[in-house]
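Just below is one structure, and these are the notes that go with it.
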Amino acid sequence: MKKTFYPILSVVLLLILLGAGCSQLGGKGSKAPDGGVFKTADAGKTWVTSNIVPTAQGIGTLATTKVISMEIDPQDNGVFYLGSRESGVLYSDDATVSWRLPRQAVLKEGSVFAVEVDPFDRCTVYIARGSRLYKSTDCLRTIDDETYVETRAGVSVVRLALDWYTQGTIWIGLSNGDVFKSIDAGKNWKSVLKLGKEVSQILINNKDSRQIIVSSSTLGFQRTSDGGDHWEKYAGEASKL
């Protein structure tokens, strides 16, 4: 049986090379747009696009959309979520054969830097968009837009991670370098780290979720082994976490 791989890095690289193209779904971009999503079924030997977006106005395309994040439902590998630079979030429930827009207008626009599906409940989805963390508990039918609200001007939620072991534990990283943690599914938040520069990644150990690495593109790595109570500078490789 052939196994299909969806390497996010390849998609992101293509989008960076695209430069300034039209980000609207089905919009008129360059003569040969090369954005959106690419898929391989033979471990990278060949690639095909997966950019179809059915809409009320007809068939749209992701070919001119700048995708910046991708999430696969940990409980159903046929369900995908995309975060885009200016076109909000899209999802696929047919293994990327087609993509769909959510019902809520606020999720159809703006930059979505991260999407995460709750590992304990596939219909609970968190979306980092602008200064807010959005949450849906019914597969995007409705949303809570006050799960986290950043009130400081110019500060956005740019990174998001969910604890795979302890249900309800959420980590978010902000554009100013602050890291917050919630242990009650977003009802309350605690500041656990201040990097001083934009958070570029939050990685949770897949064997011990108390071990987390937080990175900044200019300040390196910080590591905790006790769920965020204590931090230390980390000089090792994040890939070995």
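The values are calculated or read from the model by the stated rules, or taken from the named source; none is laboratory data. Being a predicted model, the structure only gives us computed values, none of them experimental. Neighbour counts run over all protein chains shown; Cβ positions are idealised from the backbone, glycine included. These area figures cover heavy atoms from the full protein model, side chains too; ligands, DNA and RNA do not enter into them. Shrake-Rupley method; radii C 1.70, N 1.55, O 1.52, S 1.80 Å.
Scan the range 36-56 for residues that are touching a residue at least 12 places away in the same chain (Cβ under 8 Å), in a strand (DSSP E or B) and of a type in the set (A, V, I, L, M) and report the count.
Adding up the residues that qualify gives 2.
Quick check on my filter: what residues within the range 38-53 are surrounded by 11 or more Cβ atoms within 10 Å (Cβ to Cβ), of a type outside the set (A, V, I, L, M, F, W, C) and either within 26 Å of Ser87 (Cβ to Cβ) or touching a Ser or Thr at 6+ places or on another chain (Cβ under 7 Å) (or both)?
Scanning the range 38-53 gives Lys39, Thr40, Thr49, Ser50, Asn51.
Please go through the range 101-117 and give me each residue that is touching a Leu at 6+ places or on another chain (Cβ under 7 Å), over 11 Å from Glu71 (Cβ atoms) and crowded, with 16+ Cβ neighbours inside 10 Å, ordered by number.
Leu101, Pro102, listed by residue number.
Taking strands (runs of 3 or more DSSP E) that fall entirely within the range 122-241, which contain at least 2 residues that are surrounded by 18 or more Cβ atoms within 10 Å (Cβ to Cβ) and under 19 Å from the mean Cα position of the chain (by Cα)?
Values: elements: 125-129, 132-136, 144-149, 157-162, 170-174, 178-182, 190-194, 199-204, 212-216, 220-224, 232-234.
Fully inside the range 122-241 and qualifying: 125-129, 132-136, 144-149, 157-162, 170-174, 178-182, 199-204, 212-216.
Can you spot a residue in the range 48-61 that is of a type outside the set (A, V, I, L, M) and within 27 Å of Thr151 (Cβ to Cβ)? Even if it seems obvious, please write down each step before you answer.
Restricting attention to the range 48-61, the residues satisfying the condition of being of a type outside the set (A, V, I, L, M) are 49-51, 54-55, 57-58, 60-61.
Now drop any that are not within 27 Å of Thr151 (Cβ to Cβ), which leaves none.
No, because not a single residue in the range 48-61 is of a type outside the set (A, V, I, L, M) and within 27 Å of Thr151 (Cβ to Cβ).
Name the one entry in Ile68, Ile59 that is farther than 17 Å from Leu160 by Cβ, open to solvent by 10 Å² or more (accessible area, probe 1.4 Å) and part of a strand (DSSP E or B).
Result: Ile59 is the single residue among Ile68, Ile59 that is farther than 17 Å from Leu160 by Cβ, open to solvent by 10 Å² or more (accessible area, probe 1.4 Å) and part of a strand (DSSP E or B).
Tell me whether the range 93-100 contains one or more residues that are closer than 17 Å to Thr55 by Cα, surrounded by fewer than 20 Cβ atoms within 10 Å (Cβ to Cβ) and not charged (D, E, K, R).
Yes, the range 93-100 contains at least one residue that is closer than 17 Å to Thr55 by Cα, surrounded by fewer than 20 Cβ atoms within 10 Å (Cβ to Cβ) and not charged (D, E, K, R).
Going by the structure shown, is Val89 modelled with pLDDT of 95 or more, in contact with a helix residue (DSSP H, G or I) (Cβ under 6 Å, 6 or more places away or on another chain), open to solvent by less than 20 Å² (accessible area, probe 1.4 Å) and not charged (D, E, K, R)?
Here the answer is yes, as Val89 does meet what is asked.
Quick one: how many residues across the range 208-233 are on the phi > 0 side of the Ramachandran plot and modelled with pLDDT of 95 or more?
In the first step, residues of the range 208-233 are kept if they are on the phi > 0 side of the Ramachandran plot; the result is 220, 227-228.
This time we only want the ones that are modelled with pLDDT of 95 or more, so: 227-228.
Summing the residues that are on the phi > 0 side of the Ramachandran plot and modelled with pLDDT of 95 or more in the range 208-233 gives 2.
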